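Undergrad: The structure's right below; bear with me while I get my questions together.
The values are calculated or read from the model by the stated rules, or taken from the named source; none is laboratory data. Here the structure is a predicted model, which means the values were calculated and not measured. Note that we place each Cβ from the backbone using ideal geometry, even for glycine, and neighbour counts take in every protein chain shown.
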Amino acid sequence: MVQHFIEIVFAAGWPYWLFFLLSLLAIVIFFIQREKRIKRASAKEITIQHTLINLELHAFQAHMDPHFIFNSLNAIHHYILTTSTDMASLYLTRFARLMRLMISNFNKEWVTLQEDLEALELYIQLEQLRFDQQFSYQVRIVQDVNSHSTLVPPLIIQPYVQYVIWHRLLMRPEKTGGRLVVHIGKDHNRLYIQLEDNGIQASELLDDIGERQAAGIDIAAERLYMMSEKYQMKAGIQAQQLFDETRRPNGNRLTISMEHMLSRHMPMAV
């Protein structure tokens with residue numbers, strides 16, 4: 001094809017110098033445009049990385065909420081004085097393990113689903129202790145999701161669970177019977193994490209703690225978006241209200257979905 005084009009150019013009477021000059025100009029323009037694309041992609045990657053670092057720091061700060069730490073230790077102290085030192089020891093061990101996981105995972109882009117769920121369950125169990133078992137929880141994982149090889153961004157699920165507990169389950173008129181179900185499954189090559197609860201619809205009027213928790217949700221959503229941009233995960237978050245057979249509201253569902261990432265196929269940034 002190139003030879004045919006050259007023959008046409010020469011047949012048209014173009015001088016050699018003009019043909020080579022135009023060819024050289026086209027090559028120079030191609031490499032300039034290529035260099036610009038590379039620089040834009042590099043600048044975008046740097047921006048995403050800096051944003052992720054800032055979001056991870058904010059997420060870590062949100063998780064290390066001094067109110068949560070103080071109240072958890074206070075609840076453990078109450079167990080020591082009034083109930084059982086064995087139970088107090090159990091919950092103190094869980095608290096220490098949760099702090100260790102938070103500190104070790106906060107600056108990581110990926111952790112295994114098993115690690116993330118361990119931290120999540122430790123957090124939920126401590127909240128159950130603080131609020132005298134006002135709610136129960138279940139974590140369900142379908143068989144075709146291997147929690148030891150599945151990768152997820154850390155500090156994504158917990159802010160939503162915290163918000164559900166504080167502003168839905170604990171706000172129920174009944175002080176017992178709250179229910180939280182964390183369901184993890186796979187649809188083709190997509191991983192989904194569903195949170196279902198039987199709590200109330202959260203009020204838009206938030207106190208200082210509620211505003212911090214809402215900010216934690218915003219940080220988690222932004223981190224998920226940035227990770228999705230960086231690794232082409234096509235992640236998404238969808239919330240919906242649940243209804244009973246009489247069309248009365250009886251709960252809420254939040255679904256976090258993303259590409260199913262596996263540790264043996266460690267994702268590469270694009």
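Undergrad: Filter the range 137-149 for residues that are among the polar types (S, T, N, Q) and at pLDDT below 95; which is farthest from Ile184 (Cα to Cα)?
TA: Filtering the range 137-149 for residues that are among the polar types (S, T, N, Q) and at pLDDT below 95, the one farthest from Ile184 (Cα to Cα) comes out as Ser149.
Undergrad: A further question follows. Working only within the range 166-193, note down all residues that are touching a His at 6+ places or on another chain (Cβ under 9 Å) and at positive phi.
TA: Across the range 166-193, the qualifying residue is only His188.
Undergrad: Which of (1) crowded, with 20+ Cβ neighbours inside 10 Å; (2) part of a loop (DSSP other than H, G, I, E, B) is the odd one out, the single condition Gln201 does not satisfy?
TA: Among (1) crowded, with 20+ Cβ neighbours inside 10 Å; (2) part of a loop (DSSP other than H, G, I, E, B), the lone unmet condition for Gln201 is (1).
Undergrad: Further, regarding this structure: Report yes if Ile103 is under 21 Å from the mean Cα position of the chain (by Cα), within 26 Å of Leu73 (Cα to Cα) and surrounded by fewer than 17 Cβ atoms within 10 Å (Cβ to Cβ), otherwise no. Spell out the reasoning first.
TA: On the way: under 21 Å from the mean Cα position of the chain (by Cα): yes; within 26 Å of Leu73 (Cα to Cα): yes; surrounded by fewer than 17 Cβ atoms within 10 Å (Cβ to Cβ): yes.
So Ile103 fits the description; yes.
Undergrad: Among the listed residues Leu151, Leu117, Leu90, identify the single one that is surrounded by 16 or more Cβ atoms within 10 Å (Cβ to Cβ) and either out of contact with any Pro (no Cβ under 8 Å at 6 or more places or on another chain) or closer than 30 Å to Gln201 by Cα (or both).
TA: Criteria check complete, one pass: Leu117.
Undergrad: Take the residues of the range 158-200 that are closer than 19 Å to Leu98 by Cβ and in contact with an Asp or Glu (Cβ under 6 Å, 6 or more places away or on another chain): which is modelled with the highest pLDDT?
TA: Within the range 158-200, the match that is modelled with the highest pLDDT is Leu180.
Undergrad: Also, quick follow-up: Among the residues of the range 79-112, which ones are hydrophobic (A, V, I, L, M, F, W, C) and under 19 Å from Gln162 (Cβ atoms)? Write out each step before concluding.
TA: At the first step, the residues of the range 79-112 found to be hydrophobic (A, V, I, L, M, F, W, C) are 80-81, 87-88, 90, 92, 95-96, 98-99, 101-103, 106, 110-111.
Hits for the range 79-112 are Phe95, Leu98, Met99, Leu101, Met102, Ile103, Phe106, Val111.
Undergrad: If you don't mind, there's one more thing I want to ask. Cβ-Cβ distance below 6 Å, separation of 6 or more or different chains: which pairs start in the range 119-146 with a residue that is part of a strand (DSSP E or B) and end on one that is β-branched (Val, Ile, Thr)?
TA: Going by the 6 Å Cβ cut-off, the qualifying pairs are Tyr137/Ile124; Gln138/Val181; Val139/Val182; Ile141/Ile184.
Undergrad: Only one of Ala220, Ala215 is outside any strand (DSSP E or B), modelled with pLDDT under 90 and buried (at least 17 other Cβ atoms within 10 Å of the Cβ). Can you tell me which?
TA: Selected residue: Ala220, the only one of Ala220, Ala215 that is outside any strand (DSSP E or B), modelled with pLDDT under 90 and buried (at least 17 other Cβ atoms within 10 Å of the Cβ).
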